[in-house]
Structures are given as C-alpha cells and as structure tokens.
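Here the structure is laid out as structure tokens; the discussion comes afterwards.
The values are calculated or read from the model by the stated rules, or taken from the named source; none is laboratory data. Since the structure is predicted, the reported quantities are computational estimates derived from the model, not experimental observations. When we count neighbours, we look across all protein chains shown, and the Cβ atoms used for this are built from the backbone with ideal geometry, even at glycine. The area values use the complete protein model at the heavy-atom level, side chains included, leaving out ligands, DNA and RNA. Shrake-Rupley method; radii C 1.70, N 1.55, O 1.52, S 1.80 Å.
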Amino acid sequence: MLSGALNFNNHFLNQIIYHSIQNDDFLKKIRHVVPINVFKTRDKEFLVKIIFGYFDEYGTAPQDNFYDIFKEQEKSMGDDLYERCMNLIGIL
C-alpha cells in the first residue's frame, strides 16, 4: 500500500482520479493500494470516495455515470466544496 506520507504532485493525483473514473482495470489495480489520504485536499478526497464507493458497490469504474453520481452528492456538500469539486472536474 502507498504511504500517505508520499508527496505526489497535482498532475499525478489528477491522472489517478481521471483514470479511476474511466478505466475498470486501472481502478481494480489501485483501489486497495492507494489510500484516500494520499490526495490531501477535500475536493480530491471527496471525489475519490465517490469513485471508490461506486467501485466497491458495482465492481466497475463509474465512467459515464460519474457526473450523475457526483450530482447526487451535491446536497451533502457545502457550496465551497461543490465549487472546488466542479473546478477539479473541469480540469480532469
């Protein structure tokens, strides 16, 4: 398992998130190796929790369902977290 003490740059972490959304094989390989605390920011951790939760329930990456799943979570987050997540999604 990767240590939470490792320091990865934003681009690398964004690539992990992007490929976790899109690629079943990638997500299957990293799901139990990359801890959520590696992502360090609330927005990245929030999105990774959604992705990992979806994978745990359905056994696949969310792919085209990701945005709908994110929108379902909108009520459970504050405006600041929502804006930060939307900005990150725009980058991905």
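By accessible area, using a 1.4 Å probe on protein heavy atoms only, the chain has 49% of its surface on carbon and sulfur. Protein heavy-atom accessible surface, 1.4 Å probe, per residue over the range 1-83: 62 Å².
Modelled this way, with points 7 Å down the Cα-to-C-beta line, the labels at Gln22 and Gln73 are 1.9 nm from one another. Pairs of Cα atoms nearer than 8 Å and 6+ residues apart set the relative contact order; for the chain it is 32 percent. The slack in the chain from His11 to Ile36, taken as 0.36 nm per residue of separation less the alpha-carbon distance, amounts to 7.4 nm.
Longer than 23 Å from Cα to Cα, which of Lys28/Lys49; Lys49/Lys75; Lys29/Lys71 are they? Say none if no pair is.
Lys29/Lys71
Taking each DSSP H run with n ≥ 4 as -39500 (n - 2.57) and averaging over every residue of the chain yields -19000 deg cm²/dmol at 222 nm. Between the listed residues Asn23, Pro62, Val34, the Cα displaced farthest toward the positive end of the dipole of the chain, a dipole computed from Cβ unit charges relative to the Cα centre, is found at Val34. Estimated at the nearest 10 Å², the accessible area of Asp56 is 90 Å² with a 1.4 Å probe. When the inverse distances between all different Cα atoms of the range 13-84 are averaged and flipped, the Kirkwood radius reads 12.3 angstrom.
Residues Val48, Val33, sorted by accessible area with the largest first, give Val33, Val48 [1.4 Å probe; ligands and nucleic acids excluded].
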